1. Would you pick out the residues in the range 175-206 that are among the small types (Gly, Ala, Ser) and either farther than 25 Å from Lys266 by Cβ or surrounded by 16 or more Cβ atoms within 10 Å (Cβ to Cβ) (or both)?
2. Answer yes or no as to whether Thr101 is surrounded by fewer than 18 Cβ atoms within 10 Å (Cβ to Cβ), hydroxyl-bearing (Ser, Thr, Tyr) and more than 17 Å from the chain's Cα centre (by Cα).
3. Which of (1) open to solvent by less than 90 Å² (accessible area, probe 1.4 Å); (2) more than 19 Å from Ile8 (Cβ to Cβ) does Asp86 not meet, given it meets every other one?
4. Before we move on, is Pro118 in contact with a Gly (Cβ under 7 Å, 6 or more places away or on another chain), surrounded by fewer than 17 Cβ atoms within 10 Å (Cβ to Cβ) and not β-branched (Val, Ile, Thr)?
5. Of everything in the range 20-41, what is open to solvent by 80 Å² or more (accessible area, probe 1.4 Å) and outside any loop (DSSP other than H, G, I, E, B)? Give them in sequence order.
6. Tell me which of these Ala222 doesn't satisfy, since it passes every other one: (1) closer than 21 Å to Pro98 by Cα; (2) open to solvent by less than 30 Å² (accessible area, probe 1.4 Å); (3) not in a helix (DSSP H, G or I).
7. If you check every pair at least six apart or on different chains, which have Cβ atoms under 9 Å apart with a residue in the range 139-167 that is hydroxyl-bearing (Ser, Thr, Tyr) first and a residue that is at pLDDT below 95 second?
8. Being part of a strand (DSSP E or B) and free of Cβ contacts under 8 Å to residues at least 24 places away in the same chain is the filter; apply it to the range 336-377 and report the residue that is surrounded by the most Cβ atoms within 10 Å (Cβ to Cβ).
Amino acid sequence: MLLRTRGIPLNFEADLVGRVTRNPDKLDELSFLLVDQEPVRTVPGPYLGMLTKQASVDDSYTQSVIYRVPTLDHLAEGDIVSVSQDGNINTLYRVNSPHNTLLATERCNSNCLMCSQPPKDKDDINRLFDVHQKLIPLIPKDCDELGISGGEPTLMGNHFFTLLEQLQEHLPQTEIHILTNGRTFAWNHVAERLARMNYSRVMLGIPVYSDYYQEHDHIVQAPNAFNQTILGLHNLARYNQRIEIRVVLHKLSIPRLVKLAKYIYKNLPFAEHVTFMGLEYVGYTPHNIDKLWIDPYDYMDELGEAVEFLAVRGMNVSIYNTQLCIMPEPLWKYARKSISDWKNSFLPECTRCARLEECGGLFTWNLKKPSQHIQPF
């Protein structure tokens, strides 16, 4: 799915964020007008600018415009975009999708072997924070859920809490799901500050990859990460923060998976949700595939034992990113359609499957590395 495109800017003197519309009557000071085929003309009224597929614009045109945009078909009425002075048009929020996420930063203090979005050593925090400050007031109030991801969002420092305060003010009914490695919360004052917000809509998704510190630290490529994460989890629990434990399934995490489940039950029983997640074939994973790859069909015994151990003891357990046809039927009740719509695909043989509508499918990039046991019912 297309989320960014680019054209030629004219009269754009700042990076802007606004809603898109194809209806000139709906224009306001926070909107862009989309023009597909019609000739570019001056449209009265205050608005941010025009985005058009037209190949050229008269030099005398004085309004802000991005022209020669290859396509605008991916934009729906009310979608929110950022438009840069260099002509880049990035989709920030899609009104017809339940899967919208704010990218907090691409910086991270871990460097996981299977990271789907490898960290970048550039200071993008202020730039992205500025974009989100403009975006959040425009998001529809009936937005059910919004994600925050990175990089590591807590590296935003004070901006992290300012961002949450803005979300709490403008979207008080929206569930906020934050993907964090949890290490920053090893400092008690950080967890305490989050607790003082009294923001019950926030859920923190925190990965734990092993019950053994050396294994976890090796997977995330960061010394002392296990101790920091576990301490962070306990600090958050002390302040009654909502926690989801995330376990990515691969050749390094499978051998101790059942022991990890027992560790979670004994040491992290306050977790509201535990998810076991299939590996994404993107980012670092293709480069580390020999270390990571195990066909998901081949770890179903370990996965089943870990899931059932937690479930029969009353913990809320899910399986993400895993196809029904490679799972034993008793595990189907834990499977969730977890892959965001813009990166969700199926193999050609899946189109013949009688359970296609029930299955979560694959990440689009996993079409290059699917289980060899996928077959239609």
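The values are calculated or read from the model by the stated rules, or taken from the named source; none is laboratory data. Bear in mind the structure is a predicted one, so any value in this text is a computation, not a measurement. Backbone-built Cβ (ideal geometry, glycine too); neighbour counts: all protein chains shown. We work out accessible area using only protein heavy atoms, side chains counted, and drop any ligands, DNA or RNA first. Shrake-Rupley method; radii C 1.70, N 1.55, O 1.52, S 1.80 Å.
1. The first filter runs over the range 175-206 and keeps only residues among the small types (Gly, Ala, Ser), leaving 182, 186, 191, 195, 200, 205.
Of everything in the range 175-206, those that are among the small types (Gly, Ala, Ser) and either farther than 25 Å from Lys266 by Cβ or surrounded by 16 or more Cβ atoms within 10 Å (Cβ to Cβ) (or both) turn out to be Gly182, Ala186, Ala191, Ser200, Gly205.
2. On the way: surrounded by fewer than 18 Cβ atoms within 10 Å (Cβ to Cβ): yes; hydroxyl-bearing (Ser, Thr, Tyr): yes; more than 17 Å from the chain's Cα centre (by Cα): no.
Criteria not met by Thr101.
3. (2)
4. On the way: in contact with a Gly (Cβ under 7 Å, 6 or more places away or on another chain): yes; surrounded by fewer than 17 Cβ atoms within 10 Å (Cβ to Cβ): yes; not β-branched (Val, Ile, Thr): yes.
When the stated conditions are applied, Pro118 passes them.
5. Our first condition is that a residue be open to solvent by 80 Å² or more (accessible area, probe 1.4 Å); within the range 20-41, this holds for 22, 25-26, 29, 37-39, 41.
If the condition is that a residue be open to solvent by 80 Å² or more (accessible area, probe 1.4 Å) and outside any loop (DSSP other than H, G, I, E, B), then Asp25, Lys26 are the ones that fit.
6. (1)
7. Qualifying pairs under 9 Å: Ser149/Gln117.
8. Taking the range 336-377 and keeping what is part of a strand (DSSP E or B), we get 344-345, 362-363.
Okay, now just the ones that are also free of Cβ contacts under 8 Å to residues at least 24 places away in the same chain, so 344-345.
Numbers: Asn344: 17, Ser345: 13.
Result: Asn344.
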